[in-house]
1. Yes or no: region 77-100 includes at least one residue that is at pLDDT 70 or above, more than 21 Å from the chain's Cα centre (by Cα), loosely packed, with under 13 Cβ neighbours inside 10 Å and under 27 Å from residue 242 (Cα atoms).
2. Which of (1) under 19 Å from the mean Cα position of the chain (by Cα); (2) more than 28 Å from residue 226 (Cα to Cα); (3) at pLDDT below 90 is the odd one out, the single condition residue 59 does not satisfy?
3. State all residues of region 132-152 that are in a helix (DSSP H, G or I) and without any contact (Cβ under 8 Å) to a residue 40 or more places away in the chain; if no residue qualifies, say none.
4. Which residues, counting only those in region 199-225, are of a type outside the set (S, T, N, Q) and under 17 Å from residue 266 (Cβ atoms)?
5. For region 232-287, which positions are assigned to a helix (DSSP H, G or I) and among the hydrophobic types (A, V, I, L, M, F, W, C)?
Amino acid sequence: MDSIEDVTLTDDTAESKMDTDDENIQFNKGAETETTHTESPKINEEPVMFRDTGMTREQWREVVNSWMKVLPKSPAQPAQKEKYVNKEQCVGRIISWFYDGESKLFVIKRSDGVQYLKPRIKHFNTLPRCEINGLASKPLINRSKNGLADVIANLIKKEGSSGKYERLKPQKGKRVKITDPKTGKVTWRYKYRPVRAIHKIPLKNIPQDFLGNMKWWYVDVNTGEARVEDKDNKVIVCFYDAMNLINFSKKDQRTLRKNEIMYTDEWREQGLQYKRVLEICRRYGVHAGSRLPDNWKSSR
């Protein structure tokens, strides 16, 4: 593996790049004008003229190749390359985010899991800038109407939408060069420090043996939550984390398995996550009031 290069993009360097690109484009346009009015070369054979340039296809190709040597390659935007590389953290796209009044934590629901963050600015600063932008584009689901949660959400929306970070200082990451030892192909990625998330997931208080009047349950297409409704189409319970299923009673887990969760093709992975946890609970006998087996962590 080659050495690691630290790249810090600032606004001044970005503007200088844009100015350089504009000068090169103007220079190349002038070169194109001069080339267009050149006379056709005098050769014995009559070449096939390329459009109306007065050149053969080979001559025109040489001119274009010379331009490509002059034009610099436009750097990729950091937001297109910013990805987590720490496997202990969730790396999927952000689906929605909540404030849980019961646990007093922020919850970021991703396509591959859930992250819990304390309501502290310093904890949100451990997220990359592109993740802050993703949170700013989605409304906070604050069913407990917590005032502090609304203040933090408004701050993220204000600075994340404008791109001017004053109170928030999200991490930028380090650009890392990775070379494939077999093919020699070089790829660039951004490496980040781990997000300051809670590893011990708090379980919600779930009522016991309350799904006798259940009609169906499904994945909400807006938030990714699992919603359970009764025969009057009223929501009995909804939860965003599939791990909350381990706190259901054995009887309620059996009821959920009999009524298979419904989901659209877009939300198939979310639906399968709930089904997997239910199957693991059945296999290892995990439910409310039971003790987690020693091999529970390895089975997940």
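The values are calculated or read from the model by the stated rules, or taken from the named source; none is laboratory data. This one's a predicted model, so the numbers in the text were calculated from it and none came from an experiment. Glycine also receives a Cβ, built like all others from the backbone with ideal geometry; neighbour counts cover every protein chain displayed.
1. There is no residue in region 77-100 that is at pLDDT 70 or above, more than 21 Å from the chain's Cα centre (by Cα), loosely packed, with under 13 Cβ neighbours inside 10 Å and under 27 Å from residue 242 (Cα atoms).
2. Just one mismatch for residue 59, condition (1).
3. Residues satisfying the conditions are 132, 136, 147, 148, 150, 151.
4. Across region 199-225, the qualifying residues are 218, 219, 220, 221, 224, 225.
5. Passing the criteria: 242, 243, 245, 246, 256, 267, 272, 277, 278, 280, 281.
Residue-by-condition table, conditions (1) in contact with a Phe, Trp or Tyr (Cβ under 7 Å, 6 or more places away or on another chain); (2) surrounded by 15 or more Cβ atoms within 10 Å (Cβ to Cβ); (3) β-branched (Val, Ile, Thr):
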{"position": "115", "(1), (2), (3)": "no, yes, no"}
{"position": "125", "(1), (2), (3)": "no, yes, no"}
{"position": "148", "(1), (2), (3)": "no, no, no"}
{"position": "157", "(1), (2), (3)": "no, yes, no"}
{"position": "160", "(1), (2), (3)": "no, yes, no"}
{"position": "175", "(1), (2), (3)": "yes, yes, no"}
{"position": "186", "(1), (2), (3)": "no, no, yes"}
{"position": "200", "(1), (2), (3)": "no, no, no"}
{"position": "205", "(1), (2), (3)": "no, no, no"}
